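Each remark here refers to the structure printed beneath this line.
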Amino acid sequence: MRLLRILVTGGLLVAAASAGTTGYTVRKGDTLAQIAARLRVPVKDLAGANGIKNVDLILSGRVLKLPGATSTPATTGTVVGGNRVHVVRAGENLAGIAVKYNTTVRDLVTRNKIRNPNLVAAGVRLEVPGASWACPVRGHYTVVSNWAAPRPGGHTHEGNDIFAKRGALVVTPVSGVLRQVRGKIAGNAFYLAGDDGHTYYFAHLDKYLRGPGRVDAAATIGTVGNTGDAHVTPPHLHFELHPNNGRAVDPFPTLRRWC
Ligand SMILES: [Zn+2]
């Protein structure tokens, strides 16, 4: 479902897309300590960011600011996707590739300025028409714009969290090569070296549905969960975007464009 659900009912997290800020809507019965634990921030920081003097008294319905969360408008920033890329494999020809993407040889030739359509070498990156970037979670989900939220040890959150029911399918935004990683913090995780030149990171998967190796775009690779240090939070996909294999950037503009 191509739907960015900004508001979450039931007192979960709220991402205000227009302002690029994040918050938490207090639910009846919530305590500040519980909320702080869920958001993985110290209670005093949460109280400080919201000018709360009495931590035992918070009103339901109030939207709490996350301490240290970016105030940079998420409307600006890197948006990846837009040009679907196919890396030619040995034995493939343009006719076969055109069929695969429901396009024509002529379109591929023009778009990629190919001189000899009968001679396309393996490893060549072709731009192909069509929708080019798949939202990494299928079905109902909630993208939370929580880039740069503080994390223990002086770290900041280097991605966005996409909340969904445990078992929701996680898919590759683009084609590329998957590498599995497992760790105490990441839980079950994947790196995807995208054919678009960018690296993607997916953490806290409940189950792997794919091993390492080459995958197509929109390939199912696992399910949403809360493995690793996410075990104290509701199931979500921790998602990172590393343009050109470099440092992570806020993936929210990209997620908002394609999810
Ligand atoms: Zn995360």
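The values are calculated or read from the model by the stated rules, or taken from the named source; none is laboratory data. Since the structure is predicted, the reported quantities are computational estimates derived from the model, not experimental observations. All Cβ positions, glycine included, derive from the backbone under ideal geometry; neighbour counts span all protein chains shown. Just so you know, the surface numbers come from the protein's heavy atoms only, side chains and all, with ligands and any DNA or RNA stripped out. Shrake-Rupley method; radii C 1.70, N 1.55, O 1.52, S 1.80 Å.
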Distance in nm between label sites at Lys100 and Leu209, each 7 Å beyond Cα in the beta-carbon direction?
2.1 nm
Estimate the FRET efficiency between Arg247 and Thr31 by the formula 1/(1 + (r/R0)^6), using the beta-carbon distance for r and 45 Å for R0, to the nearest 0.05.
0.80
Between the range 100-176 and the range 206-251, what is the separation of their alpha carbon centroids in Å?
12 Å
Express in nm, to one decimal, how much length is gained between Val43 and His155 on full extension, taking 0.36 nm for each residue of separation and deducting their alpha carbon distance.
38.7 nm
Need one number: nm distance between label points at Arg115 and Val63, each 7 Å from Cα along Cα→Cβ, rounded to one decimal.
5.7 nm
For the range 140-259, report the accessible area per residue in Å² (1.4 Å probe, heavy atoms, rounded to an integer).
39 Å²
Over all pairs of different Cα atoms in the range 185-259, the reciprocal of the mean inverse distance gives a Kirkwood radius in Å of 13.0 Å
